[in-house]
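Novice: Structure in structure tokens, see below.
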Amino acid sequence: MFDEIKFDRMERLPKYVFAEVNELKMKERRAGADVIDFSMGNPDGDTPLHIREKLIESAKKTKTHGYSTSKGIPKLLQAIADWYKRRYGVDLDPQTECVATMGSKEGYAHLAYAITNPGDVAVVPDPTYPIHSYAFILAGGNVVKFGLSFDEDYKIDEDKFFEDLERVFKENSPRPKYVLVNFPHNPTTATVTQDFYVRLVNMAKKERFYVISDIAYGDITFDGYVTPSIMSVPGAKDVAVESFTLSKSYNMAGWRVGFFVGNKKLIGALQKIKSWLDYGMFTPIQVAATIALNGDQQCVKEITDKYDHRQNVLLDAFNKAGWPMRRNQASMFVWAKIPECAIDLGSLEFSKKLLREAHVAVAPGIGFGEYGEGYVRIALIENDKRIRQAAKNIKVFLKQFEESKDK
């Protein structure tokens with residue numbers, strides 16, 4: 001009925017690649033299969049006790065049960081500013097340069113909706129976390145992409161990045177208004193140096209565009225690597241905003257707490273649109289988030305150490321199983337090339353076959369963009385025993401797959 005009534009925004013959304021894997025995963029589980037699931041970046045650990053206890057304490061106070069503040073309660077905004085001051089030496093005005101969001105994903109959707117005019121162009125390197133692109137597309141904008149180049153140790157080729165970005169600005173009309181960057185990178189785990197952001201701020205001022213930086217995995221780093229922030233570059237607040245989420249660092253994925261900081265014009269736009277669209281997070285969640293940011297950060301170190309350990313276990317086990325992978329310096333993922341024997345399948349078909357025959361779920365690279373093809377993303381969300389069992393399943397799977405190809 002009413003076929004003539006179209007939903008134009010929905011028409012711009014492709015079929016969600018990950019939905020195919022999720023549907024197959026549920027089908028295998030309903031059939032009794034023990035699926036070892038590396039497909040989603042959903043932390044498996046508990047939220048630290050002191051954060052949970054603060055939530056309970058605050059929730060018992062009935063005065064916290066009413067509408068909250070859409071941009072964040074003052075104590076949370078101050079905690080965000082203090083977190084940046086301690087970590088990066090950056091001074092932020094809590095009221096005009098900070099805004100709390102319901103996870104960073106909601107923040108990206110609402111920020112793009114607030115700042116994108118029909119036909120505006122945003123540059124989003126590929127592959128990427130899907131909301132980075134589709135926030136702009138759903139808001140009526142257009143996205144220009146170029147492939148990320150990084151070495152075998154997952155370090156971005158920064159000269160190549162800026163060559164590609166300069167080419168985009170020379171070739172595109174209308175000129176892009178926004179450039180989105182995300183390091184440590186999801187899905188590839190790739191990292192950059194502080195000089196990368198110095199160059200990016202300088203280019204933004206020269207070419208007149210805003211930078212939107214995502215450091216969701218900024219805390220989860222290994223081997224001495226420290227995630228830089230664009231906010232620590234002099235003049236960055238003139239041209240940039242940056243987002244962070246408590247989902248990964250504090251095992252608070254389901255709590256939906258994130259924030260954006262930086263340029264007053266962009267932060268003001270996000271604050272304003274949120275005032276029209278929501279009443280903010282439940283106040284006790286914001287109170288607990290304040291404790292997370294201000295409290296003892298030993299829990300963050302323990303969570304990071306767990307991912308570091310799991311990466312070592314997974315690389316050792318999967319390499320021995322015949323699937324070669326290399327170590328990265330950040331995030332809770334491994335970005336792995338499809339085994340050579342299966343490269344012709346493509347990432348989606350390989351992921352589905354791996355799930356059906358080895359009962360191991362991974363995220364196909366094509367789901368993150370065309371330049372993700374040939375790879376899969378493996379989330380470090382299973383324990384050591386399950387990782388080693390997955391490797392055993394994969395070893396059998398690869399052997400049988402190679403034998404079937406030889407027939």
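The values are calculated or read from the model by the stated rules, or taken from the named source; none is laboratory data. Small disclaimer: the values here were computed from a predicted structure and weren't measured. Cβ atoms come from the backbone with ideal geometry, glycine included; neighbour counts cover every protein chain shown. Heads up: the accessible areas ignore ligands, DNA and RNA and are worked out on the full protein's heavy atoms, side chains in. Shrake-Rupley method; radii C 1.70, N 1.55, O 1.52, S 1.80 Å.
Novice: Say we look at segment 49-77 and pick out the residues that are of a type in the set (S, T, N, Q) and in contact (Cβ under 8 Å) with a residue 60 or more places away in the chain; which of these is farthest from Ala269 (Cα to Cα)? If you could, list the steps in order and put the result at the bottom.
Specialist: Narrowing segment 49-77 to residues of a type in the set (S, T, N, Q): 58, 62, 64, 68-70.
Among the residues that remain, those that are also in contact (Cβ under 8 Å) with a residue 60 or more places away in the chain are: 58, 64, 68-70.
Values: Ser58: 30, Thr64: 27, Ser68: 19, Thr69: 16, Ser70: 13 Å.
Per the stated criteria, the residue is Ser58.
Novice: May I ask you to say which residue of Phe146, Phe136 is crowded, with 22+ Cβ neighbours inside 10 Å and under 26 Å from Ser173 (Cβ atoms)? Steps first, please.
Specialist: On the way: Phe146 fails: crowded, with 22+ Cβ neighbours inside 10 Å.
One residue alone meets the criteria, Phe136.
Novice: Being touching a residue at least 24 places away in the same chain (Cβ under 8 Å), touching a helix residue (DSSP H, G or I) at 6+ places or on another chain (Cβ under 9 Å) and farther than 25 Å from Met40 by Cβ narrows it down to one residue among Val181, Val124, Val144; which is it? Write out each step before concluding.
Specialist: Working: Val181 fails: farther than 25 Å from Met40 by Cβ; Val124 fails: farther than 25 Å from Met40 by Cβ.
That would be Val144, the only listed residue that is touching a residue at least 24 places away in the same chain (Cβ under 8 Å), touching a helix residue (DSSP H, G or I) at 6+ places or on another chain (Cβ under 9 Å) and farther than 25 Å from Met40 by Cβ.
Novice: I've got another one for you. Just for segment 325-342: of the residues that are open to solvent by 80 Å² or more (accessible area, probe 1.4 Å) and over 20 Å from the mean Cα position of the chain (by Cα), which one is nearest to Thr227 (Cα to Cα)?
Specialist: Across segment 325-342, the extreme among qualifying residues is Arg326.
Novice: Glu357 - would you say it is without any contact (Cβ under 8 Å) to a residue 60 or more places away in the chain and open to solvent by 80 Å² or more (accessible area, probe 1.4 Å)?
Specialist: Working: without any contact (Cβ under 8 Å) to a residue 60 or more places away in the chain: yes; open to solvent by 80 Å² or more (accessible area, probe 1.4 Å): yes.
Against the criterion (without any contact (Cβ under 8 Å) to a residue 60 or more places away in the chain and open to solvent by 80 Å² or more (accessible area, probe 1.4 Å)), Glu357 qualifies.
Novice: For segment 34-150, which fully contained strands (runs of 3 or more DSSP E) count at least 2 residues that are more than 16 Å from the chain's Cα centre (by Cα), under 22 Å from Met231 (Cβ atoms) and not β-branched (Val, Ile, Thr)?
Specialist: Values: elements: 98-101, 121-123, 142-144.
The qualifying strands (runs of 3 or more DSSP E) are 98-101.
Novice: If I filter segment 311-322 for residues that are touching a residue at least 24 places away in the same chain (Cβ under 8 Å) and among the basic types (Lys, Arg), do I get at least one hit?
Specialist: First, the residues of segment 311-322 that are touching a residue at least 24 places away in the same chain (Cβ under 8 Å): 311, 313-314, 317-318, 320-322.
Then drop every residue that is not among the basic types (Lys, Arg), which leaves 320.
Taking every residue of segment 311-322 in turn, at least one turns out to be touching a residue at least 24 places away in the same chain (Cβ under 8 Å) and among the basic types (Lys, Arg).
Novice: Out of everything in segment 82-121 that is open to solvent by 20 Å² or more (accessible area, probe 1.4 Å) and at positive phi, what residue ends up being modelled with the highest pLDDT?
Specialist: Among them, the one singled out is Gly89.
Every residue, every condition in (1) of a type in the set (Lys, Arg); (2) under 20 Å from Pro130 (Cβ atoms); (3) modelled with pLDDT of 95 or more; (4) surrounded by fewer than 22 Cβ atoms within 10 Å (Cβ to Cβ), yes or no:
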| residue | (1), (2), (3), (4) |
| --- | --- |
| Leu345 | no, no, no, yes |
| Gly365 | no, yes, yes, no |
| Gly374 | no, yes, yes, yes |
| Ala379 | no, yes, yes, no |
| Lys385 | yes, no, yes, yes |
| Arg388 | yes, no, yes, yes |
| Leu398 | no, no, no, yes |
| Ser404 | no, no, no, yes |
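Novice: A follow-up question, please. As an exercise: evaluate Gly322 against (1) open to solvent by 30 Å² or more (accessible area, probe 1.4 Å); (2) more than 30 Å from Ser58 (Cβ to Cβ); (3) in a helix (DSSP H, G or I) and give the number of the one condition it does not meet.
Specialist: If we test Gly322 against (1) open to solvent by 30 Å² or more (accessible area, probe 1.4 Å); (2) more than 30 Å from Ser58 (Cβ to Cβ); (3) in a helix (DSSP H, G or I), just (3) comes out false.
Yes/no matrix, rows are residues, columns are (1) open to solvent by less than 10 Å² (accessible area, probe 1.4 Å); (2) among the polar types (S, T, N, Q); (3) without any contact (Cβ under 8 Å) to a residue 24 or more places away in the chain:
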{"residue": "Arg167", "(1), (2), (3)": "no, no, yes"}
{"residue": "Lys170", "(1), (2), (3)": "no, no, yes"}
{"residue": "Lys177", "(1), (2), (3)": "no, no, no"}
{"residue": "Pro187", "(1), (2), (3)": "yes, no, no"}
{"residue": "Thr221", "(1), (2), (3)": "no, yes, no"}
{"residue": "Gly268", "(1), (2), (3)": "no, no, no"}
